[in-house]
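Working notes for the structure below.
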Amino acid sequence: QVQLVESGGGLVQPGGSLRLTCTASRSIVLGYFMSWYRQCPGKERELVATIGPGGYLNYVDSVKDRFTISRDKERNLYLQMNNLKPEDTAVYYCRAKYGPQEFWGQGTQVTVSS
C-alpha cells in the first residue's frame, strides 16, 4: 500500500501560479503512471495530467501549455500551474497506478478568484 498526500493548494488570483506537491509514503517505482485529477464544483472528477514510463506525458486540452507535471527520483509528484483561470478552481487529487493497483491522495483545494 502507498499513501499519497497532496499539498500546495490555496487561493490565487486569475493569472497567478501555484505548485502542487504529492508526497508518497514510500518510493514510487518508475513503472507507475502518476496523475493529477481534479473535481470542479458540481462536476465529475476529470484527469488533468499524467506522467509515465518512457517519457510519457499527457494533458487535458484545457490545461495544455499552462500546467506542467513532473516527478522527482523517489517520493514526489508535482503540478506547476501557471496562468490560472477561475475554471481551474477544484479539489486536486494525486493518483499512482501500476496495472490494477491504484492509490489516491485526499486532495488539496485550489481556488482561483479575484
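The values are calculated or read from the model by the stated rules, or taken from the named source; none is laboratory data. Predicted, not measured: the structure shown is a model, and the values here were computed from it. Positions of Cβ are generated from backbone atoms using ideal geometry, with glycine treated the same way; all protein chains shown enter the neighbour counts. Calculation scope for accessible area: heavy atoms of the full protein, side chains included, ligands and nucleic acids excluded. Shrake-Rupley method; radii C 1.70, N 1.55, O 1.52, S 1.80 Å.
Which condition number in (1) over 15 Å from SER17 (Cβ atoms); (2) in contact with a helix residue (DSSP H, G or I) (Cβ under 6 Å, 6 or more places away or on another chain); (3) of a type outside the set (D, E, K, R) is the one that VAL60 fails?
(2)
In segment 50-59, which residues are more than 14 Å from TYR92 (Cα to Cα), in contact with a Leu (Cβ under 9 Å, 6 or more places away or on another chain) and either open to solvent by 70 Å² or more (accessible area, probe 1.4 Å) or of a type in the set (Val, Ile, Thr) (or both)?
Hit for segment 50-59 is ILE51, nothing else.
Okay, residues lined up against (1) of a type in the set (A, V, I, L, M); (2) in contact with an Asp or Glu (Cβ under 6 Å, 6 or more places away or on another chain); (3) under 14 Å from ALA96 (Cα atoms); (4) surrounded by 14 or more Cβ atoms within 10 Å (Cβ to Cβ):
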residue	(1), (2), (3), (4)
VAL2	yes, no, yes, yes
GLY15	no, no, no, no
ALA24	yes, no, yes, yes
ILE28	yes, no, yes, yes
TYR32	no, no, yes, yes
TYR37	no, no, yes, yes
GLY42	no, no, no, no
VAL48	yes, no, yes, yes
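Just to verify a result, which residue in segment 1-18, among those that are under 16 Å from PHE33 (Cα atoms) and not in a strand (DSSP E or B), is modelled with the lowest pLDDT?
The extreme case among them is GLN1.
What pairs can you find where one residue is in segment 41-67 and of a type in the set (S, T, N, Q), the other is assigned to a helix (DSSP H, G or I) and open to solvent by 70 Å² or more (accessible area, probe 1.4 Å), and their Cβ atoms are less than 9 Å apart, with a gap of 6+ or different chains?
From residues that are of a type in the set (S, T, N, Q), the pairs are SER62/GLU87.
When residues of segment 50-79 are filtered for being touching an Asp or Glu at 6+ places or on another chain (Cβ under 9 Å) and charged (D, E, K, R), how many remain?
Selection size over segment 50-79: 1.
Kindly provide the set of residues from segment 67-98 that are among the hydroxyl-bearing types (Ser, Thr, Tyr) and open to solvent by 60 Å² or more (accessible area, probe 1.4 Å), ordered by number. Don't jump to the end; show me each part of the working.
The first filter runs over segment 67-98 and keeps only residues among the hydroxyl-bearing types (Ser, Thr, Tyr), leaving 68, 70, 78, 89, 92-93, 98.
Passing the criteria: THR68, TYR98.
Identify the single condition in (1) open to solvent by less than 60 Å² (accessible area, probe 1.4 Å); (2) touching a residue at least 40 places away in the same chain (Cβ under 8 Å); (3) of a type in the set (Lys, Arg) that ARG19 does not satisfy, given that it satisfies every other one.
With (1) open to solvent by less than 60 Å² (accessible area, probe 1.4 Å); (2) touching a residue at least 40 places away in the same chain (Cβ under 8 Å); (3) of a type in the set (Lys, Arg) applied to ARG19, the lone miss is (1).
For segment 69-83, does any single residue satisfy the condition of being touching a helix residue (DSSP H, G or I) at 6+ places or on another chain (Cβ under 9 Å) and touching a residue at least 60 places away in the same chain (Cβ under 8 Å)?
Within segment 69-83, one or more residues are touching a helix residue (DSSP H, G or I) at 6+ places or on another chain (Cβ under 9 Å) and touching a residue at least 60 places away in the same chain (Cβ under 8 Å).
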